[in-house]
Structure formats: structure tokens, C-alpha cells
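First the structure, in the form of C-alpha cells, and then the observations on it.
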Amino acid sequence: MVSGRLVGGPVRSFDPGECAALEREIGLPLPPAYRSFLEAAGGERLDYSVRLPACEPEPVQGFDDLHQLDRDDAGEYGWGTLLGEYRRSRDGWLAGEVSMTGLLPIARNGGSDILFLDLNPATHGELHAFVHAIAWPGYLGSPVFTKVADNFDAYLDKLFIDSDMAEDAWAMSPTVTLRILGGGASRRVGQGAAGLA
């Protein structure tokens, strides 16, 4: 696990029963690196960027909204839960664009670009992304499905702070809860703590 990455909250405790239910429904196990991340972090935000060369002229992408392992506040597997997103992805619009076999949606951004964890045996643990096209000069002209990293730890290693995205994130969140991976303690900080990242 990579230390020093800040995960925004609210932070939830890891529930082994929810993890088992997810794996049972998918029929494939979660990779150890991703399971360790869920055990250590359990937050809803990962405000970092990753460079995806296949997405030129927009290679800097971010998947900051993390899907949660457990049920939503209504007690259901709704939007933003791992099991809910997995169920919806089987019949959603993206299934017409990408083979969804063995892919678990684990995060998205505000533009509905999606980060997937590959659970297929031959590529178990790899991360892939689907990034939408924007019909405007200077933006991605065609949708892209691309490999992001060999495993979740490698993905965390590739993350960096994009100054424009960080400024937007802090402006929208005057107070956030953060968990520092490797630390375990959570604390609430205000905008003045932007230097922590």
C-alpha cells in the first residue's frame, strides 16, 4: 500500500460480509491490493489525477468519486456502491461499447468517465478506464477504453496532484474528512489544509 495518499470521507469501516457478498455475486475474487485499499481507506474521494497517453489531447484524467463497498444511506445497493454499479453496468449503455465481462466499476469522475478493476483470471487486478469523447476542438474526439495500470498499487503510484483539479476540489469542499493511507486516523480539515496534499 502506498502511504501519503489522502482519501476524502466520510470514511466507512471495512465490512468483510459486504466484501464476501460482492465477490459471491460477481463470482470472482477481489485482488489483494484492492481489498487492502478498501480495508485501509474506505473513503469516497481520491482527488488525484493519472496520465493516460491514449486520451491525447486530454491525457490528464481523474477518477475521484470512489464507489463504496457497503450499502448506501437508504440501505440499498444504489448509485455509488460497488455492487450497485456492477449490477447497472451489465445492462447499461456502456455494455454496448465495451465487453463488461469481469469488469467491476470502482470509481468515476464528474463527466461519468469510469475506472474499472479487471477481475478476469488472465488479467486479474489490472485497471482500465473508459473516457467519453467531447465534440469540441482540443478535446478527446472519440471515446477511449484503455489500460491504466497493472494493479491497484501501481495505479496509486501513478497518481499525482493536478493543480487545476486540486483547486476546483478544494473550492467545492470547504471541509472534508481525510484518511491518510498507512495512518488509519481520520481528521476534518478546512480549505487552509490544501498544503497537506
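The values are calculated or read from the model by the stated rules, or taken from the named source; none is laboratory data. Bear in mind that the values here come from a model prediction, so they are computed numbers and not experimental data. Here Cβ is always computed from backbone atoms with ideal geometry, including for glycine, and neighbour counts include all displayed protein chains. Note: accessible area is taken over every heavy atom of the protein model, side chains too, but ligands, DNA and RNA are not part of it. Shrake-Rupley method; radii C 1.70, N 1.55, O 1.52, S 1.80 Å.
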Filtered residue count, the stretch 131-153, keeping only those that are at pLDDT 95 or above and of a type in the set (Gly, Ala, Ser): 1
Starting from residues that are free of Cβ contacts under 8 Å to residues at least 12 places away in the same chain and of a type outside the set (Asp, Glu), keep the ones in the stretch 6-31 and report whichever is surrounded by the most Cβ atoms within 10 Å (Cβ to Cβ). 20
Taking residue 36, is it open to solvent by 30 Å² or more (accessible area, probe 1.4 Å) and either free of Cβ contacts under 8 Å to residues at least 24 places away in the same chain or among the hydroxyl-bearing types (Ser, Thr, Tyr) (or both)? yes
Unmet criterion (only one of (1) open to solvent by 20 Å² or more (accessible area, probe 1.4 Å); (2) under 18 Å from the mean Cα position of the chain (by Cα)) for residue 164: (2)
What single numbered condition from (1) over 17 Å from residue 144 (Cα atoms); (2) in contact (Cβ under 8 Å) with a residue 40 or more places away in the chain fails to hold for residue 107? (1)
Got at least one residue in the stretch 1-12 being closer than 21 Å to residue 164 by Cα, charged (D, E, K, R) and touching a helix residue (DSSP H, G or I) at 6+ places or on another chain (Cβ under 8 Å)? yes
